[in-house]
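Peer 1: Next up is a structure, given as structure tokens.
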Amino acid sequence: MNKYKKGLIFVYPDSFIISLGNMKAYFHLPYRQTEGVIRKHASNTLPSIPEYSRICRRINKLNIKICDDKSIINNDNFVIAIDATGIKVKTEEN
């Protein structure tokens with residue numbers, strides 16, 4: 001992660017920033033709201049939470065690919081529920 005980096009080393013791994021980028025893209029969140037979700041749900045498990053400006057800079061430096069292929073859904077219905085306990089994904093069978 002920091003092998004060829006010049007300057008201050010990264011505190012947050014690229015995999016964490018990629019997951020934030022995917023969450024931001026799929027749920028159409030602004031950067032401040034992305035920070036708020038992490039601050040709310042991961043404040044007990046992470047030693048520090050990245051600010052929205054750091055999230056923005058790191059996401060823009062990475063090459064995040066979002067899959068737009070509709071064929072992987074297999075005509076199933078997905079229900080995504082977000083509440084205070086977290087994010088839950090359920091497939092409904094017809």
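The values are calculated or read from the model by the stated rules, or taken from the named source; none is laboratory data. As the structure is a computational prediction, the values presented were derived from the model and not from experiment. Don't worry about glycine lacking a Cβ; one is built from the backbone with ideal geometry, like all the others, and counts go over all protein chains shown.
Peer 1: Pull up the stretch 49-66, narrow it to residues that are among the hydrophobic types (A, V, I, L, M, F, W, C) and assigned to a loop (DSSP other than H, G, I, E, B), then point me to the one that is nearest to residue 88 (Cα to Cα).
Peer 2: Quick first cut of the stretch 49-66, residues among the hydrophobic types (A, V, I, L, M, F, W, C) only: 49, 55-56, 59, 62, 64, 66.
If we keep only those that are assigned to a loop (DSSP other than H, G, I, E, B) too, we end up with 49, 62, 64, 66.
Working: 49: 23, 62: 27, 64: 23, 66: 20 Å.
It comes out as 66.
Peer 1: Going by the conditions given, is residue 52 in contact with an Asp or Glu (Cβ under 6 Å, 6 or more places away or on another chain) and modelled with pLDDT of 75 or more? Step through it out loud before you land on a result.
Peer 2: On the way: in contact with an Asp or Glu (Cβ under 6 Å, 6 or more places away or on another chain): yes; modelled with pLDDT of 75 or more: yes.
In short, yes.
Peer 1: Checking the condition in contact with a Ser or Thr (Cβ under 8 Å, 6 or more places away or on another chain) and among the charged types (D, E, K, R), which residue from 40, 24 passes? It would help to see each step written out before you state the result.
Peer 2: Values: 40 fails: in contact with a Ser or Thr (Cβ under 8 Å, 6 or more places away or on another chain).
Of 40, 24, the one residue that is in contact with a Ser or Thr (Cβ under 8 Å, 6 or more places away or on another chain) and among the charged types (D, E, K, R) is 24.
Peer 1: Of all the residues that make up the stretch 14-48, how many are modelled with pLDDT of 85 or more and in a loop (DSSP other than H, G, I, E, B)?
Peer 2: 3
Peer 1: Okay, next question. Can you work out which of the residues in the stretch 1-58 that are touching a Phe, Trp or Tyr at 6+ places or on another chain (Cβ under 6 Å) and charged (D, E, K, R) is nearest to residue 87 (Cα to Cα)? Quick ask: steps written out before the conclusion?
Peer 2: Step one: filter the stretch 1-58 for residues touching a Phe, Trp or Tyr at 6+ places or on another chain (Cβ under 6 Å), giving 1-2, 31-32, 35, 50, 52, 55-56.
Applying the additional criterion that residues be charged (D, E, K, R) yields 32, 35.
Working: 32: 18, 35: 16 Å.
My answer is 35.
Peer 1: Related question: Restricting to the stretch 12-47, and then to whatever is surrounded by 13 or more Cβ atoms within 10 Å (Cβ to Cβ) and hydroxyl-bearing (Ser, Thr, Tyr), can you tell me which residue is farthest from the chain's Cα centre (by Cα)?
Peer 2: For the stretch 12-47, the residue satisfying everything is 12.
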